Amino acid sequence: MSWQRVLALMLRIVRQFRRDKRTLALILVVPVLVLSLLGYIYRGSGEPTRLAVVLEGDSPLARQVLALLEETSSLQVIVMEREPALQAVDRREVDGVLVLPALPVQPGTQPEVELILEGSQPSAAGAIAGAVSRALPQAIIQTMSPSGQAIQIEPRFLHGGPQFDQLDYFAPTFIGFFAFFFVFLLTSVSFLRERLQGSIERLIVSPLDRREIVLGYMLGFTLFATVQSIVMVIFTVAVLRIHYAGELWLVVFLTFLMTVGAVNLGIFLSAFARTELQVVQFIPIVITPQGLLSGIIWPVDSLPRPLQWLAQALPLTWANEALRAVMIRGEGLDALGLHLAVLIGFAAAMAALAMVTLRREVA
Amino acid sequence: MDATIVADEVSRTFGPVRAIDRLTLEIPPGVIYGLLGPSGSGKTTFLRMVVGALRPTEGRLLVLGRTMPDRAVAGQIGYMPQTAALYPDLTLRENLAFFGRIYGLRGRKLEDRVEQLVNDLGLLGWVDQPLYRFSSGMLQRASLACALLHQPELLVLDEPTVGLDPVLRRSLWAHFRQLAEQGKTLLISTHTMDEADRCDLLGFLRGGRLLASDTPAALRLQTGQADLEDAFLALAGQPGIPVGEP
């Protein structure tokens, strides 16, 4: 094992990268763009859901319901007459109509409330149904209790906080996902190129041995992946103001472990591709299932049981769990023993497979 | 002195195809051995076994005293494959530095070798250009430079002068002769007759079989043909079939 040879290989990969401005932009700029886009989607103000409220008479209850609905930030409440409101929902100018009758509220009676939803957009319908079903009972309690006081719940968060949103939940896993995806893609393409242009034969007959080839590739590519993850961590924390509780170097370290596995998976799978198009065909097999099942968007616990088992077999699931544990719950290395073992095991298994395919090069 | 290459009944098959068929030969150190034969005759297959990129299916192949493939002699062999097999996005200097470091050259020594080779091969003005700008003849020379860099004991060159102009071809052969005089062994595949005539020893390869292996003069004498091409055809026993591309 000669470190001089390993470093020569690593240096060559770094130089090729530096020459290739487009790829450099792909790994450094694209993740930042995607994160910015997500940040804007989740945190920027979009069109509010519109609800028409029809008051069929004046009553304290109706006024209270209206007041509560108007406080809901995601709703735009418009008071209308019954007929124009029904026409508006038909023309999709509003997403729903709430008809509040002027019933006196007495014990034992139930006000007859009509709710008509446009319904073709589930999230708007859900937002209206949710807001109305929260506002009604609260209004009933407030109008009936002598003091006018309703029960107030002040939640206490163990992790996260009242400001914690979907972006805070996604961001840690995106760092791991991007690192895995780009490193896998770039390694398999550049290793394939090495085969196509015949330079792999020059390496095989040189004093370089298989361990040195795998190590040189690993160092070269993980260097860029680490730079990428540092850029992403800085961007999410400083610009997107993502919630973080733990040590950020741990995030970079977990990403590093993930990319070591990805480099070797790339070397291994490139042996089964003859063209660059065939490398791209690995994306639906390797990347898509991990993107869907590893808990980035849907928590693994919420998946059907057979898919949960499948998710447990994917390295990205473990990386995501560990990244969330660090960033959201502030856990340290000591709490992540199993996750580290799985990620190191994955990297070692992939390195072994990569070396087996390199052995086959001397046919 | 021990022979640099000893092949004893070496065969190599690819599925049903027998690319090299029970080849036996010995190449002493300090000579230029030319392997002559039409394309598809097994020249490249044999060269790849000599450098350790292919494993013989049968027989024994000794290179510099070791049974191939053996990584222990990798540092003493220089190999120039048929295609350039370099990194087009890197400059010539960077390509040379990479291969130099892999073969243990560094610092001043590496710089001196790079300087000397780009001078010898007429690439001086191009050393800091990326290889994708090179013509095929220039790539050929760049590839040769990478094989010569670490001054190996054995040089294995797969059709090194294809596509080169006559002036350059002549100067390369002068360089090869110089290396042989320093005691290096050169194994060169070719399919042009004028190059074959410059070799110390010549092997005629056809359909994976070695038809003859001797000095050009002895082959002429044996076949009674003044022309090497005629000698080849006489040995092949099929006069009238061209030996290879001109």
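Structure data summary
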item	result
Protein accessible area in the range A:1-107, 1.4 Å probe - carbon and sulfur %	55
Residues of type lysines that B:LYS184 reaches as a straight line, Cα spacing below 23 Å, ignoring anything fewer than 8 places off in the same chain	B:LYS43, B:LYS109
Computed lengthening from A:GLU114 to A:GLU247, 0.36 nm per intervening residue step minus Cα-Cα distance	42.7 nm
Buried area at the A-B interface (accessible, heavy atoms, 1.4 Å probe, summed, Å²)	2600
Computed Rg/Rh of chain A, alpha carbon atoms with Kirkwood Rh	1.16
Exposure rank, largest accessible area first [B:ARG220, A:ARG92; 1.4 Å]	A:ARG92, B:ARG220
Local net charge near B:PRO29, Cβ-Cβ under 13 Å (Lys/Arg +1, Asp/Glu -1)	-4
Peptides A:223-230, B:223-230 ordered by average Cβ neighbours within 10 Å, highest first	A:223-230, B:223-230
Rounded FRET efficiency, nearest 0.05, which uses the C-beta distance separating A:LEU38 from B:ARG106 and R0 of 51 Å	0.60
Value of Rg to Rh for the range B:34-118 (Rh from inverse mean 1/r over Cα pairs, i.e. Kirkwood)	1.03
Rough spin-label spacing in nm, given labels placed 7 Å along Cα→Cβ, for A:SER133 and B:THR67	7.8
Residue-averaged beta-carbon neighbours from other chains (10 angstrom radius) around A:13-23	2
Peptide B:80-91 - average C-beta neighbours from other chains (10 Å radius)	5
Surrounding net charge for B:ARG101, when Lys and Arg each add one and Asp and Glu each subtract one, Cβ distance under 10 Å	+3
Protein-protein interface of the range A:182-213, residues with accessible area decrease of at least 10 Å², isolated chain reference, 1.4 Å probe	A:GLN197, A:GLY198, A:SER199, A:GLU201, A:ARG202, A:LEU203, A:ILE204, A:VAL205, A:SER206, A:PRO207, A:LEU208, A:ASP209
Karplus-derived 3J(HN,Hα), 6.51/-1.76/1.60, for each residue of the range A:77-85, Hz, glycine and proline x	9, 10, 8, 9, 7, 4, 5, x, 5
Simple spin-label estimate for A:ARG156 and A:ALA313 in nanometres, 7 Å along Cα-Cβ	4.4
Burial ranking of peptide ranges A:67-75, A:290-298 (average Cβ count within 10 Å, highest at the top)	A:290-298, A:67-75
For B:ASP70, solvent-accessible area (1.4 Å; no DNA, RNA or ligand), Å²	40
Two-site FRET efficiency, B:ARG133 against A:LEU196, from Cβ-Cβ distance with R₀ of 22 Å, rounded to 0.05	0.65
Computed [θ] at 222 nm, deg cm²/dmol, the protein assembly as shown (DSSP H ≥ 4; -39,500 (n - 2.57); rounded to nearest 500)	-16500 deg cm²/dmol
Candidates B:PHE99, B:PHE14, B:PHE232, ranked by Gaussian network fluctuation over chain B, Cα under 10 Å, top entry	B:PHE14
Difference of contour (0.36 nm per residue) and Cα-Cα distance, B:GLU153 to B:VAL17	45.7 nm
Surface per residue (accessible, 1.4 Å probe) for the protein assembly as shown, Å²	47
Extension reserve of the A:ILE283-A:LEU24 stretch, reckoned as 0.36 nm per residue once the Cα distance is removed	91.3 nm
Cα centroid separation - the range B:84-148 against the range B:205-239, whole Å	37
Probe 1.4 Å, all protein chains present, accessible-area order of B:LYS109, B:LYS43, A:LYS21, B:LYS184, largest first	A:LYS21, B:LYS109, B:LYS184, B:LYS43
Pairwise FRET efficiency - A:TRP3 versus A:ALA352, Cβ, R0 = 22 Å, nearest 0.05	0.55
Whole-number Å³ per residue for the convex hull built on Cα positions in chain B	130
Rounded to the nearest 10 Å², the accessible area of B:LEU64 at probe 1.4 Å	50
Cα centroid separation - the range B:1-41 against the range A:248-290, whole Å	41
Cα Rg, Dmax (largest Cα-Cα span) when computed across the range B:1-42, Å	12.4, 38
Solvent exposure ordering (accessible area, 1.4 Å, most first) of B:ARG206, B:ARG55, B:ARG170	B:ARG170, B:ARG55, B:ARG206
Relative contact order of chain A, pairs being alpha-carbon contacts under 8 Å that are 6 or more residues apart, as %	19
Number of partner chain Cβ atoms within 10 Å, mean per residue of B:142-151	1
Three semi-axes of the equivalent ellipsoid, the protein assembly as shown, Cα gyration tensor, whole Å, largest first	75, 23, 21
Highest-fluctuation residue, B:LEU211, B:LEU61, B:LEU36 considered, GNM on chain B with Cα pairs under 10 Å	B:LEU211
Within the accessible area of the range A:146-288 (1.4 Å probe), percent carbon and sulfur	65
Debye, to nearest 20: dipole size of the range A:166-362, +1 on Lys, Arg Cβ, -1 on Asp, Glu Cβ	400
Rounded percent of accessible protein surface that carbon and sulfur make up, the range B:5-236, 1.4 Å probe	48
Radius ratio Rg over Rh of the range A:166-362, counting only Cα atoms, Kirkwood formula for Rh	1.00
Rg ratio (alpha-carbon, reference 2.2 N^0.38 Å) - the range A:259-353	1.18
Table column - 3J(HN,Hα) (Hz), the range A:4-16, Karplus curve with 6.51, -1.76, 1.60, x for Gly and Pro	4, 5, 4, 5, 4, 5, 4, 4, 4, 5, 4, 5, 4
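The values are calculated or read from the model by the stated rules, or taken from the named source; none is laboratory data. Here the structure is a predicted model, which is why all the values come from computation and not from measurement. When we count neighbours, we look across all protein chains shown, and the Cβ atoms used for this are built from the backbone with ideal geometry, even at glycine. Please note that ligands, DNA and RNA were not included when accessible areas were found on the heavy atoms of the full protein model with its side chains. Shrake-Rupley method; radii C 1.70, N 1.55, O 1.52, S 1.80 Å.
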